[in-house]
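One structure is given here, and the rest of the page talks about it.
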Amino acid sequence: MGQDLIRYDVLAQEALRGVIRKVLSEVAKTGLPGEHHFFITFLTSAPGVRISSRLREKYPELMTIVVQHQFWDLQVTEASFEVGLSFSDIPERLLVPFSAIRGFYDPAVNFELEFDVQGAVAANAESEPQEPAPAPTPLSTTQIPGPSARKGKDAAKAEKAGGDGEVDEADRKDAEVVSLDAFRKKT
């Protein structure tokens, strides 16, 4: 098999990040339709992420926010989104680049996108990369049947806490990302 010089893996990730951008842009204009709401997991140490030092101390690696009942001033640009949320009754403003997003989940329709952003952050952390950054691991997109099929600890905890804000990452179980190469027919 030949070398992928077009980088379909990168193009696919950017296209799916465009789905999140489009959805959040519509929500910023018209509000959340029906029962839709979002769990968005992102790397707090990724370049461009702006959160308070209090939240960064509490979530040094990953953070999951819930955009549902109590959010304000959602603004979406080509590269990032900014939103106001309340954490333990303290209002906070977060700025999250789309490149920092690790997961997006809408439990109303059981739609999930997952991205491997560890490689991208590691490449940005190097001051002078000796070689090109490694190809990102293929992402996983999933639609899970049944309305209660994915009520994980994070969803239940966030809904119990009022539906918005943070989910303790220690209580979160991450899904396994599987490479599509494992399922390709070998010749």
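Considering only the other residues whose Cβ falls under 9 Å of the Cβ of Ile51, what net charge follows from Lys and Arg at +1 and Asp and Glu at -1?
Details: positive: Arg50, Arg54, Arg56, Arg93; negative: Glu92.
Local net charge: +3.
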(request) Taking H placed 1.01 Å from N in the peptide plane, check which residues at least 5 places from Phe111 or on another chain put their amide H under 5 Å from its amide H. (result) Asp106
(message) For the ranges 28-38, 76-86, 107-117, what's the packing order if you count other beta-carbon atoms within 10 Å of each residue, average per peptide, and put the highest first?
(response) 107-117, 76-86, 28-38
(message) Quick check: residue separation of Asn110 and Gln3 times 0.36 nm, minus the Cα distance between them. What number comes out in nm?
(response) 35.0 nm
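Read the figures in this text as sums done on the coordinates, not as results from a lab. Just so it is clear, the model here is predicted, and its values are computed rather than measured. Here the Cβ is made from the backbone with ideal geometry for all residues, glycine too, and neighbour counts use every protein chain on show.
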